[in-house]
Amino acid sequence: MENLPSLFANIGIGLETALSPANLWYCFVGVFLGTFIGVLPGIGPLAAMSMLFPITFYLDPTSALIMLAGIWYGTAYGSSTAAILINVPGSASSAVTSLDGYPLARQGRAGVALFLTAAASFVGGSIGIVLMMLFSPVIVAYAMKFGSAEYFALMVLGLVAASSISEGSVLKSLAMTLAGIIFGTVGMDIYTGSERFTFGMLELDEGIGLIPVAMGLFGVAEVISSVRLPPLEALREKVTLRSMMPTRDDIRRSIAPTLRGTGIGAFFGTLPGTGPTIASFLSYAVEKRVAKDPSRFGHGAIEGIVSPEAANNAADQTAFIPTMTLGIPGSATMALMIGALMIQGITPGPEMMTSHPDVFWGLVMSFWIGNVLLLVLNVPLIGIWVRLLTLPYHLLYPAILAFICVGIFGVSNTTFGVWVVIFFGAMGFLMRWARLPAASLLLGFVLGPLMEQHFRRAMAISQGDFMTFVDRPISLGIFVITGCILAYGIWLHLRRRLG
Amino acid sequence: MRIFSTAMALAAGLFASTAMAEDFPSRPITLVVPYAAGGNVDVSTRILQKALGDTLGQPVVVENRPGGGGMIAGAYVARSKPDGYTLLVGSNGPIMFGPMTSAKPPYKWEKDLEPVSMLAQATNLMLVRADFPAKTVKAFIDYAKAHPGDIRVGISSLVSINHFLGLLLRQSTDSKWTEVYYNGNAPAVADLVAGQIDAGFQQMVDAKQHIEGGRLRALAVVGDKRSPLFPDVPTMAEAGFASIQGVTFNGVFAPKGTPSEIINILSTKIQAALQTPDAVAHLSALGSEAHGTTPDEFRTFLVAETVKWEDVIAKSNAEKAKK
C-alpha cells in the first residue's frame with residue numbers, strides 16, 4: 001500500500017482519459033453493442049470484435065481499446081438474458097445460467113432473475129476491476145507460478161467438482177462428460193501432427209469450435225424442443241418495476257454466492273487459457289456443493305444464476321491482468337485486444353504502465369464507467385426483453401436460428417461451422433429426449449483438451465516423471481483438495497445408502 | 001451451329017481476357033487472410049489494405065478464412081478464378097510448411113499459386129530464460145551435449161518457422177534436447193518467461209518487451225544483420241552457426257494461371273504501397289519490415305526457402321522412422 005499516492009495519481013490520469021467525450025462515447029458504443037451481441041445467440045464477442053477491429057485503425061489507441069473491451073465485458077452482461085428468458089445462452093459462458101434461469105422464467109420470475117444477474121454481474125465486474133487496479137503485479141507473479149502440472153491439477157479438480165452440475169443419473173453425466181472429452185480431441189494433435197477424427201476434412205484440423213457446440217447443444221436443441229410446447233402464459237403480463245424487485249429472501253440468498261462466484265471468476269480470469277466459461281461452470285458446481293438443499297438446483301435456484309454470472313464478469317475483467325501487465329493474451333479475444341494496441345505501436349507489458357500510463361489507466365477507469373453504464377442500460381431493458389417473450393414463437397425462433405447461423409458464418413466465412421451447429425443441435429435434441437445432460441458434455445469439451453495438453457506438457461517438461469504433480473506444492477495442494485471433494489462425495493453417498 | 005457458338009465463346013473469352021488486363025481492376029479485390037482477425041498476418045494485411053487505399057482504383061476487401069493451419073484459405077484461393085480479384089496473403093505455414101508436411105497436401109505453391117509480392121519480413125530470435133546458464137549459442141550447444149535431453153525447448157506450434165529453426169539447429173549440431181509443444185506463441189512465451197521451459201525460437205514481436213524487461217535473454221538473431229533494437233545480440237553467423245537461417249515472411253499470392261499483366265499491375269501497386277511511410281511505420285510497430293518485391297524476386301526467395309526446409313523435414317522424417 002506504500003504506492004497509494006501514485007495509485008491516486010494514476011486514477012487521476014485514468015479518469016481524465018476515460019472521461020474525455022470521445023472515450024466516453026466509445027465506451028458507450030462498446031458496452032451497448034456488447035449487451036446486444038450478448039443477448040443475440042451465436043454472435044459472440046470474438047465475432048463482433050473481429051468485425052469492428054478494422055475500425056480501430058482509425059481511432060486513438062485508448063479509444064480503440066476502450067471500445068473493444070466494452071464489447072467484451074458487455075457481452076457477459078447480455079449473454080445471461082437469452083439464457084434465462086428462452087433457454088438459449090447468448091454465449092458459452094452463460095450456458096450454465098440457463099439451468100436455473102429458465103425454470104425461474106417459467107415460474108414467472110424472469111424479471112427478478114434478470115435484475116439479480118445484472119446486479120451480480122456488476123458486483124463481479126467491480127471486484128475484478130479493483131483487483132486489477134491494486135494487485136496486478138502480485139496476481140501476475142502468482143499466475144506465473146502455474147505451470148502445466150498445476151493447470152492439469154486444476155482441470156482435474158474442475159472435472160471432479162463439476163461432475164455434480166447435472167440433474168439425475170451420475171452414470172449419464174459421466175458418459176456425457178466423456179463424450180465431451182472425445183469431441184474435444186478432434187483435430188490435429190499439437191504434439192505429433194496426427195489427425196484425430198478429422199475424416200480428411202481440413203476444417204476439422206484445428207478442432208471443433210466452442211461456439212458452434214454450445215449454440216447447437218443449447219440453442220438449436222431448445223428451438224427444436226419448443227416447437228411442440230405451448231408459449232409461456234405466465235409471461236404475457238406486463239412487467240412492472242415492482243415485479244422485477246427481488247424479495248428480501250432472494251437478496252439474502254444472493255450475497256454469498258455472488259461473492260464466491262466473483263472469487264472463482266477472478267481466479268480463473270487471471271490464468272491464461274482458462275477463462276469465463278470454466279469459471280461459470282465451476283462456480284455453479286460450488287454453489288450446488290455448498291447448498292443445504294442441492295435438490296433445488298435445476299428448478300430455479302437463485303444461487304445458480306447469480307454465482308455463474310458474477311464469475312464470468314469477474315473473469316472477463318481479470319483476464320486483462322495477464323494481457324495488459326505481461327502482454328500475454330489468454331484467449332483469442334485478448335489477442336485481438338493486443339493486436340489493436342500493436343498496430344498503433346504500443347506493446348502491452350509491464351513497461352506499458354510506465355510508458356503509456358494514460359492507455360493502461362484510461363482503460364481501467366473506463367471499465368468502471370462501462371460497468372455503471374451497463375447497469376443503467378440493463379435494468380430498464382429488462383422490461384423490454386421480457387416483453388420480447390410475448391412474441392409468437394413462430395417469429396422468435398426462426399430469428400434465433402438466423403442469428404446463430406449469421407454469427408457462426410461471420411467468424412470463418414464458411415458454411416462448415418453452420419453444419420457443426422446443425423449436427424450438435426440434432427444431437428442436443430436427441431440428448432434431451434434421452435435425458436442426457438448437455439452441460440456435462442460442454443464441460444468435458446472445454447476441460448478435456450486443456451487437460452490433455454497440460455498433462456502431456458507437464459510430462460514432457462518433467463521428462464516423464466509422474467512425481468512432478470506431487471513435487472510441486474501448488475499442484476499437490478490442488479490434488480489434495482480434489483481428493484477431499486471425492487472422499488466427501490463418497491461419504492455422502494454411503495451415508496445416504498446406510499441410513 | 002455448335003461449332004459456331006463454341007468459336008464465338010472462345011473469341012469472347014479471348015477478348016475478355018485481354019480486356020480484363022487493360023481495365024484491371026474493374027471491381028473490388030479480396031485479400032484472403034488464412035487466420036482469424038487480430039493476428040500478425042491479419043494486421044499486416046490490413047496495413048497493406050490501408051496503404052493501397054484507392055491506388056488500384058477499386059476498394060480492397062480483407063476476408064478472414066481461418067482453419068486448417070491456414071490451408072483452408074490457401075486451397076480456396078488456389079481454386080479461385082485466376083483473374084486477380086481473389087488473392088491470398090500467405091505466410092510460412094500455409095505456403096510452405098503446411099503443404100510440405102501434410103500427407104495429402106491440398107495444394108502446393110509451386111503448382112497452384114503465383115507469387116505477386118512479398119509483404120513483410122520479421123526477425124526471429126533464439127531465446128533462453130533469464131537464469132539459464134548458457135550465455136551464447138555455442139555454450140548452449142555445449143550444455144546440450146553435456147546434458148543430452150535435459151534442455152527443454154518450447155515449440156510455439158507444430159510445423160511453424162519457430163519449430164523448424166529449432167529442428168535445424170538440433171540437426172546441424174547433432175544435439176539432443178526435449179521438445180515441449182504449445183498451441184501458439186503466447187503460451188510458449190509465457191512458460192519461457194516463467195522458467196517452466198529453457199529455450200525457444202520466437203519472433204521479435206513476441207519477445208521484444210521481455211528482453212527489454214530482462215525476463216528473457218536473446219542468444220542470437222536469425223538473419224544476416226543485427227537488430228537495431230538489440231545491437232549487442234549477435235547474428236547466428238557471428239555466433240558461429242551460419243547455417244541457421246530462416247525468415248518469417250508473408251506475401252501476396254494469386255491463383256496459378258493469373259495473366260502476368262495483372263500480376264505485374266498488382267505487384268507494382270503493392271510495392272509502392274509498402275514504401276509509404278505509414279505502412280513502414282505500422283509494420284515496424286509489429287516487429288516486421290515492409291518488404292515489397294517483384295514477382296520474380298519473391299519466387300527466387302520462395303524456391304530457396306522451400307529447398308532448405310524440405311531437406312530439414314526429410315531429415316526429421318528419417319529420424320522419426322529410425323525410432
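Remarks
- Pairs from B:Lys256/B:Lys322; B:Lys50/B:Lys111; B:Lys50/B:Lys308; A:Lys145/A:Lys292; B:Lys50/B:Lys256 whose Cα-Cα separation, in the structure shown, is over 32 Å: B:Lys256/B:Lys322; B:Lys50/B:Lys308; A:Lys145/A:Lys292
- Between B and A, buried accessible area from a 1.4 angstrom probe totals roughly 3500 Å², ignoring ligands, DNA and RNA.
- Whole-percent carbon and sulfur share, accessible surface of chain B, 1.4 Å: 57 percent
- Table column - 3J(HN,Hα) (Hz), segment A:117-126, Karplus curve with 6.51, -1.76, 1.60, x for Gly and Pro: 5, 4, 5, 5, 4, 5, 4, x, x, 4
- Separation of segment B:167-200 from segment B:303-318 is 20 Å, based on Cα centroids.
- Working note: Karplus 6.51/-1.76/1.60 with θ = phi - 60° gives segment A:48-58 the couplings 5, 5, 5, 5, 8, 3, x, 5, 5, 3, 9 Hz, where Gly and Pro are set to x.
- Virtual spin-label span in nm between A:Ala402 and B:Lys135, 7 Å along Cα→Cβ: 6.9 nm
- Whole-Å distance, taken between Cα centres, linking segment A:78-104 and segment A:484-499: 31 Å
- Segment A:237-390, accessible surface, carbon-and-sulfur percent (1.4 angstrom probe): 66 percent
- Within a straight-line Cα-Cα reach of under 19 Å, B:Lys208 can be paired with the following lysines, leaving aside sequence neighbours fewer than 8 residues apart in one chain: B:Lys135, B:Lys225.
- Full extension of the segment from A:Ile182 to A:Lys292, taken as 0.36 nm per residue of separation minus the current Cα-Cα distance, would add 36.2 nm.
- Under 14 Å from a label point set 7 Å out along the Cα-to-Cβ vector of A:Ile55, the amide N atoms of segment A:23-39 belong to A:23-37.
- Take segment A:4-498 with all the other protein chains still there, run a 1.4 Å probe, and you get 39 Å² of accessible area per residue.
- Net charge, A:Glu206 excluded, C-beta distance under 13 Å - Lys, Arg +1, Asp, Glu -1: -2
- In plain terms, the chain from A:Trp433 to A:Val227 could stretch by 72.8 nm, reckoned as 0.36 nm per residue minus the Cα-Cα distance.
- Phi-based couplings in Hz for segment A:396-404 (Karplus 6.51, -1.76, 1.60; Gly and Pro marked x): 5, 5, x, 5, 4, 4, 5, 4, 4
- Sites B:Gln58 and B:Asp296 - FRET efficiency at Förster radius 35 Å, r taken between beta-carbons, to 0.05: 0.90
- Part-to-part distance (alpha-carbon centres) for segment A:397-459 and segment A:1-74, which is given in Å: 29 Å
- Label-point separation in nm, A:Arg495 to A:Ile11, each point 7 Å along Cα→Cβ: 4.6 nm
- Heavy-atom accessible surface of segment B:124-222, averaged per residue, reaches 30 Å², computed with a 1.4 Å probe.
- Beta bridges assigned by DSSP with both partners in the protein assembly as shown are antiparallel in approximately 65 percent of cases.
- Axial C-alpha extent at least 20 Å, average Kyte-Doolittle at least -0.5 - helices from chain B (DSSP): B:2-22
- Inter-site label distance for B:Ser172 and A:Leu174 at 7 Å from Cα along Cβ, in nm: 5.5 nm
The values are calculated or read from the model by the stated rules, or taken from the named source; none is laboratory data. Everything numeric in this text was worked out from a predicted model, so none of it was measured. Note that each Cβ is placed from the backbone with ideal geometry, even for glycine, and that neighbours are counted across all protein chains shown. Please note that ligands, DNA and RNA were not included when accessible areas were found on the heavy atoms of the full protein model with its side chains. Shrake-Rupley method; radii C 1.70, N 1.55, O 1.52, S 1.80 Å.
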